[in-house]
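Asker: Structure below; questions to follow.
The values are calculated or read from the model by the stated rules, or taken from the named source; none is laboratory data. Everything numeric in this text was worked out from a predicted model, so none of it was measured. Positions of Cβ are generated from backbone atoms using ideal geometry, with glycine treated the same way; all protein chains shown enter the neighbour counts.
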Number of protein chains: 2
Amino acid sequence: MKELEYLNIINKTLTDSSLIGDDCAYLEEFDLCITQDTLVEGVHFLLNTTDAFTLAQKSVNVNLSDLAAAGAKPLYITLSLSLPKNIDKNFVENFYKGVESAVSKYGIKVAGGDLTGADRVYISICAIGKKYNSVQVSRTNAKAGDIIALTGTHGSSAGGLKLLSQGKKEPEILIKKHLLPSAQVEKSKIIMQTAFDCNVKNIAMMDSSDGLGDALYKLSTGCGYLFDIDFDSIPVDEELKTAFPEEWKDLLMWGGEDFELVFCIDKSAFEKLDKTKFYKIGTVSDKPITKDIANVLNQEFENKIFKHF
Amino acid sequence: MKELEYLNIINKTLTDSSLIGDDCAYLEEFDLCITQDTLVEGVHFLLNTTDAFTLAQKSVNVNLSDLAAAGAKPLYITLSLSLPKNIDKNFVENFYKGVESAVSKYGIKVAGGDLTGADRVYISICAIGKKYNSVQVSRTNAKAGDIIALTGTHGSSAGGLKLLSQGKKEPEILIKKHLLPSAQVEKSKIIMQTAFDCNVKNIAMMDSSDGLGDALYKLSTGCGYLFDIDFDSIPVDEELKTAFPEEWKDLLMWGGEDFELVFCIDKSAFEKLDKTKFYKIGTVSDKPITKDIANVLNQEFENKIFKHF
């Protein structure tokens, strides 16, 4: 069963699924964004390639990345931790040290959660943030002429995962990008502020947790226009090219968990952004996605997409 | 490792753990309450004694019960569902029908979540609600002279669980109370409104998810006064006495998952409550819990407390 099938069931079954679809749900009444993400041992991580401190930091950052993608300042998290009975006391202590390290960086408060038993380690975090300003953010907001841009390199996390699965520990930069990703909290704030200052009312943005290709596909089909992408302008870590001379292009496009921001923004606002931190990779064309093109794209996408499930 | 040890580690490790301790965290800035609870296959439920629809309803109600205990009206949930690869499509459909059934009853919106793979079924729900009014609710708010009261019978859920584990399907009322508990959303609203109308500023309240004895222990040690409880006044389903003539008193006090409210409220407010729906079981004495008494209580409690972990 594919994730899309699940989403169809959910949309069909719930009377009101209007808040489902973006990285976060926006609770208009409170001007808050909310998101929940779960990491499962054996699916999202292995305990022999990470440690409790690192794992906690990643778990928090995965959720902060969703808030960043929604243009929201992180304020609170709740955390549910399920642990096997035989788990070491140090694991729990180091895990919470990792949580503290991740939340204290941004002044986020831990607002409860729970602890349960389980056969494996299972971490589910709910994060709440407040929109930086009135600029609307969604996956469907791109318009013809917008600049398509990224906050950083892609493929390195997937490269790191591949190295770990081969028992390798170098290049360290790739391993680190996989085990210890940083949510783009600061850059989200800058994008939102710049859009606001330029009187841009809407931007399209999401994070690249499921891969750059996935994000571009969703943003493009979300607005209904084809994207003109200059592949050579996509930033990439040299270490990825060196470690994976054959596969780096595939990892770059279809590897996941880089947790960078992928966004489409009016040219006027993009021009104000620091080009050493925000990378233009293309423009939104004025060619609509016809039904035929959509079918081809959908097929291609189904074949390539990085799947967690 | 005991839950208390975990909580000590958490409190020691996080710089700010001020929002941790009650059923919900209260986010003062937004007047919102937030809670997260997780149900794990093999720990909290077995797939051969429940079905997806029932399981979903229980999962939602477990969280709504925490909001009820905080005196908050439920508004939103996020839901993270982790499923084994081979799970039936009907399971997902019936699960979301159960979610819809539970949330539509109170006009709650599902504000996203995620779906992941896992080896077992894991359900983690975060629920957000808004305080009904300015009456402060916490586990530590009881004062000498307060009435100690309940919203319903206890022990039946634990009795139902015991019957299920013995392969029995009757008495149905006990089974149903275990598999399909209802959060006391309406009664929470009435308690909060009555307190407000009587100008009572603070009440002590929690739910009995971990057992009546656990709730009374926490409320008593929370305020520092001994409770005078009239055991015979605790409401109990006759079916529990009949099915468990030897054990019903133990199940009543130490069985968990009844998801009723246990509260201590000023006499003036209790008098206004409908006595056919709210049951007085005792009063908060003016005898402080001395260190010696605390030690004895603690030991007794440790021996009896129903443990999920």
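Asker: Being more than 8 Å from chain A (Cβ to nearest Cβ), modelled with pLDDT of 95 or more and crowded, with 19+ Cβ neighbours inside 10 Å: is that true of B:Ser134 here?
Answerer: So B:Ser134 fails the test.
Asker: Assess whether B:Val236 counts as being part of a loop (DSSP other than H, G, I, E, B), within 18 Å of the chain's Cα centre (by Cα) and modelled with pLDDT of 95 or more.
Answerer: yes
Asker: Something else about it: Please verify whether A:Val296 is of a type in the set (A, V, I, L, M, F, W, C), exposed (fewer than 13 other Cβ atoms within 10 Å of the Cβ), more than 17 Å from the chain's Cα centre (by Cα) and not assigned by TED's automatic domain parsing to the domain that holds A:Val62, treating the condition exactly as stated.
Answerer: Answer is yes for this residue.
Asker: Name every residue in the range B:94-108 that is facing chain A (nearest Cβ under 8 Å) and surrounded by fewer than 17 Cβ atoms within 10 Å (Cβ to Cβ), in order of residue number.
Answerer: B:Ser104, the sole residue that qualifies.
Asker: In addition: Exactly one of (1) surrounded by fewer than 23 Cβ atoms within 10 Å (Cβ to Cβ); (2) touching a residue at least 24 places away in the same chain (Cβ under 8 Å); (3) of a type outside the set (Val, Ile, Thr); (4) outside any loop (DSSP other than H, G, I, E, B) is unmet by A:Glu29. Its number?
Answerer: So A:Glu29 meets the others, but not (2).
Asker: Within the range A:33-48, count every residue that is touching a helix residue (DSSP H, G or I) at 6+ places or on another chain (Cβ under 7 Å) and over 23 Å from B:Pro84 (Cα atoms).
Answerer: Qualifying residue count, the range A:33-48: 1.
Asker: Go through (1) at the interface with chain B (Cβ under 7 Å from one of its Cβ atoms); (2) crowded, with 24+ Cβ neighbours inside 10 Å and name the single condition A:Asn63 misses.
Answerer: Result: A:Asn63 passes all but (1).
Asker: Here is a follow-up. Does B:Cys24 satisfy the criteria of being over 14 Å from the mean Cα position of the chain (by Cα) and surrounded by 21 or more Cβ atoms within 10 Å (Cβ to Cβ)?
Answerer: no
Asker: Still on this model: When you scan the range A:67-89, do you find a residue that is of a type in the set (D, E, K, R) and surrounded by 24 or more Cβ atoms within 10 Å (Cβ to Cβ), even just one?
Answerer: Within the range A:67-89, none of the residues are of a type in the set (D, E, K, R) and surrounded by 24 or more Cβ atoms within 10 Å (Cβ to Cβ).
Asker: Of the residues B:Thr153, B:Thr221, only one is at pLDDT below 95 and among the β-branched types (Val, Ile, Thr); which?
Answerer: Answer to the selection: B:Thr221.
Here's the yes/no breakdown for (1) in a helix (DSSP H, G or I); (2) crowded, with 20+ Cβ neighbours inside 10 Å:
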position	(1), (2)
A:Ala158	yes, yes
A:Glu170	no, no
A:Ile175	yes, yes
A:Glu186	yes, no
A:Lys189	yes, no
A:Met192	yes, yes
A:Phe196	yes, no
A:Met205	no, yes
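Asker: For the range B:176-211, name all the residues that are of a type in the set (D, E, K, R) and more than 17 Å from the chain's Cα centre (by Cα).
Answerer: Once the filter is applied, which keeps residues that are of a type in the set (D, E, K, R) and more than 17 Å from the chain's Cα centre (by Cα), the range B:176-211 yields B:Asp197, B:Lys201.
Asker: Can you tell me which residue among A:Arg139, A:Arg120 is touching a residue at least 12 places away in the same chain (Cβ under 8 Å), touching an Asp or Glu at 6+ places or on another chain (Cβ under 6 Å) and surrounded by fewer than 21 Cβ atoms within 10 Å (Cβ to Cβ)?
Answerer: Checking each option against the conditions leaves just A:Arg120.
For (1) touching a Lys or Arg at 6+ places or on another chain (Cβ under 9 Å); (2) in contact (Cβ under 8 Å) with a residue 40 or more places away in the chain; (3) assigned by TED's automatic domain parsing to the domain that holds A:Ala56; (4) more than 30 Å from B:Asp22 (Cβ to Cβ), each residue gets a yes or a no:
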| residue | (1), (2), (3), (4) |
| --- | --- |
| A:Val103 | yes, yes, yes, no |
| A:Ala111 | no, no, yes, no |
| A:Thr116 | no, no, yes, no |
| A:Ala127 | no, yes, yes, no |
| A:Lys143 | no, yes, no, yes |
| A:Ile147 | yes, yes, no, yes |
| A:Gly155 | yes, yes, no, yes |
| A:Gly167 | no, no, no, yes |
| A:Ile173 | no, yes, no, yes |
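Asker: Within the range A:48-80, track down each residue that is in a loop (DSSP other than H, G, I, E, B) and touching a strand residue (DSSP E or B) at 6+ places or on another chain (Cβ under 6 Å).
Answerer: Residues satisfying the conditions are A:Ala70, A:Gly71.
Asker: Still on this structure: How about the range B:66-84: which of its residues are over 21 Å from B:Ser209 (Cα atoms), out of contact with any helix residue (DSSP H, G or I) (no Cβ under 9 Å at 6 or more places or on another chain) and more than 8 Å from chain A (Cβ to nearest Cβ)?
Answerer: B:Pro84, the sole residue that qualifies.
Asker: Follow-up. On the given criteria, is A:Leu273 crowded, with 16+ Cβ neighbours inside 10 Å and part of a loop (DSSP other than H, G, I, E, B)?
Answerer: It is true that A:Leu273 is crowded, with 16+ Cβ neighbours inside 10 Å and part of a loop (DSSP other than H, G, I, E, B).
Asker: Given the structure, is B:Lys280 surrounded by 11 or more Cβ atoms within 10 Å (Cβ to Cβ), in a strand (DSSP E or B) and either of a type in the set (D, E, K, R) or modelled with pLDDT under 95 (or both)?
Answerer: yes
Asker: Next up: Name every residue in the range A:51-60 that is within 30 Å of A:Asp31 (Cβ to Cβ), away from chain B (no Cβ under 11 Å) and small (Gly, Ala, Ser), in order of residue number.
Answerer: Within the range A:51-60, A:Ser59 is the sole residue that qualifies.
Asker: On to the next question. Would you confirm, using the coordinates I've provided, whether B:Ile203 is free of Cβ contacts under 8 Å to residues at least 40 places away in the same chain, assigned by TED's automatic domain parsing to the domain that holds B:Gly256 and among the aliphatic types (A, V, I, L, M)?
Answerer: no
Asker: Of the conditions (1) in contact with a Leu (Cβ under 8 Å, 6 or more places away or on another chain); (2) over 30 Å from B:Tyr132 (Cα atoms), B:Ile234 satisfies every one except a single condition; which number is it?
Answerer: Of (1) in contact with a Leu (Cβ under 8 Å, 6 or more places away or on another chain); (2) over 30 Å from B:Tyr132 (Cα atoms), only one is false for B:Ile234: (2).
Asker: Can I ask one more? Give the residues of the range A:275-301 that are under 21 Å from A:Ser233 (Cα atoms), out of contact with any helix residue (DSSP H, G or I) (no Cβ under 8 Å at 6 or more places or on another chain) and not β-branched (Val, Ile, Thr), sorted by residue number.
Answerer: If the condition is that a residue be under 21 Å from A:Ser233 (Cα atoms), out of contact with any helix residue (DSSP H, G or I) (no Cβ under 8 Å at 6 or more places or on another chain) and not β-branched (Val, Ile, Thr), then A:Lys275, A:Ser285, A:Asp286 are the ones that fit.
Asker: Turning to a different aspect of this structure: Can you tell me which of B:Leu4, B:Leu46, B:Leu39 is modelled with pLDDT of 90 or more and more than 9 Å from every other protein chain (Cβ to nearest Cβ)?
Answerer: On inspection, the qualifying residue turns out to be B:Leu46.
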